[in-house]
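Only one structure is covered here, and it is reproduced in the block below.
The values are calculated or read from the model by the stated rules, or taken from the named source; none is laboratory data. Just so we're clear, the structure is a prediction, and the values are computed from it rather than from any experiment. With ideal geometry, Cβ positions are generated from the backbone for all residues, glycine too; neighbour counts draw on all protein chains shown.
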Amino acid sequence: MTKIIKEPTGSFSPFYGCAIMAMAAMLFGGIISWSAYSFLKQDSEIAKFTVDQPAPLARQSLPAADQAAFKAKLNTFAEAATAGKPATLTLSIAELNTLIELAPDTGYGNYKDMIAFKALKPGDTLMGDVCLPFNTAKFWEDKKRYAIGEAAFVLDITKEAGPDLHVTALSVPGKTVNDGFIQTLSSSRWLTPYQKLPALAPTLKAIKKATVTAEGVVLSTTP
């Protein structure tokens, strides 16, 4: 049988490979340049509404004499929730702030220096005074700057882990906060670190409904 041999009809050029490599290098360089630009742009936007020093937050919380009863209230709810029983927990503003003070450090710091809840908007929104820390462009120096103002937190339920909070508005007196930055900030879920703690995860996961009322935040194991 005759063996068919295919021969190239065009001339070979080693520059084809060089051109492809050059295009790949340009594309990669463009990605790096855009990433650097985006990083520096975000850094400059954050600088517009932050200051170098934090500010203490004035908060309404429970007096020390009432905290033992509050802890008992939390334990009663947790026991019923993890046992699969119907249970409801209502938390006032003072109790929410006390809960922040009592919460363990998950490795991301304690929220007591960042948030002080002050008002409730029936439906799903909590208002709070905030002192939010942000890294500088020289993140390796571990220096912070702070957005000091007021934030709106929306309360919702995630099917896999229970209640969570995210920021939907941030205002800083005398400064402008870019809308695009607020959209980026809203992707952060504030209760996620606690949802990963073995001591808290079962209770949080058992919560199927979360509502903000004039009296407080109502958490229920019943949808």
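When region 64-88 is examined, which residues are found to be in a helix (DSSP H, G or I) and within 10 Å of Ala206 (Cα to Cα)? Scanning region 64-88 gives Ala78, Ala80, Ala81, Thr82. In region 167-192, the residues that are charged (D, E, K, R) never reach a residue that is exposed (fewer than 11 other Cβ atoms within 10 Å of the Cβ) with C-beta atoms less than 7 angstrom apart, at least six apart or across chains. Taking region 82-97 as the range and being more than 17 Å from Leu165 (Cα to Cα), touching a Leu at 6+ places or on another chain (Cβ under 8 Å) and not aliphatic (A, V, I, L, M) as the test, only Thr88 passes. Can you pull out the residues in region 125-155 that are modelled with pLDDT of 95 or more and of a type in the set (Asp, Glu)? Those that are modelled with pLDDT of 95 or more and of a type in the set (Asp, Glu): Asp129, Glu150. What tally of residues in region 156-215 results from selecting those that are touching a strand residue (DSSP E or B) at 6+ places or on another chain (Cβ under 9 Å) and under 22 Å from Phe49 (Cα atoms)? Number satisfying all stated conditions: 18. Checking each residue of region 60-70 against the condition of being within 30 Å of Val177 (Cα to Cα) and either surrounded by fewer than 16 Cβ atoms within 10 Å (Cβ to Cβ) or modelled with pLDDT under 95 (or both) gives at least one match.
Within region 179-194, identify whether any single residue is crowded, with 19+ Cβ neighbours inside 10 Å, within 14 Å of the chain's Cα centre (by Cα) and of a type in the set (Ser, Thr, Tyr), and answer yes or no. Scanning region 179-194 turns up at least one residue that is crowded, with 19+ Cβ neighbours inside 10 Å, within 14 Å of the chain's Cα centre (by Cα) and of a type in the set (Ser, Thr, Tyr).
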